[in-house]
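Rule-based calculations on the coordinates, nothing more; no lab input. A quick note: this is a predicted structure, and the numbers were derived from the prediction, not measured. Glycine gets a Cβ as well: all are built from the backbone with ideal geometry, and neighbour counts include every protein chain shown.
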Amino acid sequence: MATLFASALLMATLAAPVFAQSFGGNSCVDNCEGHRAGYEWAEENSIQSEDDCSGDSSSFEEGCRTYVEDSDRGAEYDDDGNEIDE
């Protein structure tokens, strides 16, 4: 019985959905590098309006908009506190 329970628990753990990283409430495709880049660009350029957030990728634009919404957030970590590589 204990073996059956342990097997069921293991299967449930393996079947658990893997949640993607997010940055500013936006899902990251890879590891949030684009979001970080957009946030840092907005910070460096003192962007104050989401209308000024245009770029070559949606993740860059989302990162820029995140800066406009919360300029104290920082760009180094995703929403779960995991470090984002440059």
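Amide H contacts for F23 (H built 1.01 Å from N in the peptide plane; partners 5 or more residues away or on another chain; cut-off under 5 Å): C28, D79. Computed from backbone phi with θ = phi - 60° and the Karplus coefficients 6.51, -1.76 and 1.60, the 3J(HN,Hα) list for region 43-57 is 5, 5, 9, 6, 5, 10, 10, 4, 5, 8, 8, 10, x, 7, 8 Hz; x is used for glycine and proline.
Residue-wise HN-Hα couplings along region 72-83, as the Karplus relation 6.51 cos²θ - 1.76 cosθ + 1.60 with θ = phi - 60° gives them from phi, are 8, 5, x, 10, 6, 10, 6, 5, 8, x, 7, 5 Hz; Gly and Pro carry x. Inter-label distance, V29 to D56: 1.2 nm, where each label sits 7 Å from its Cα along the C-beta direction.
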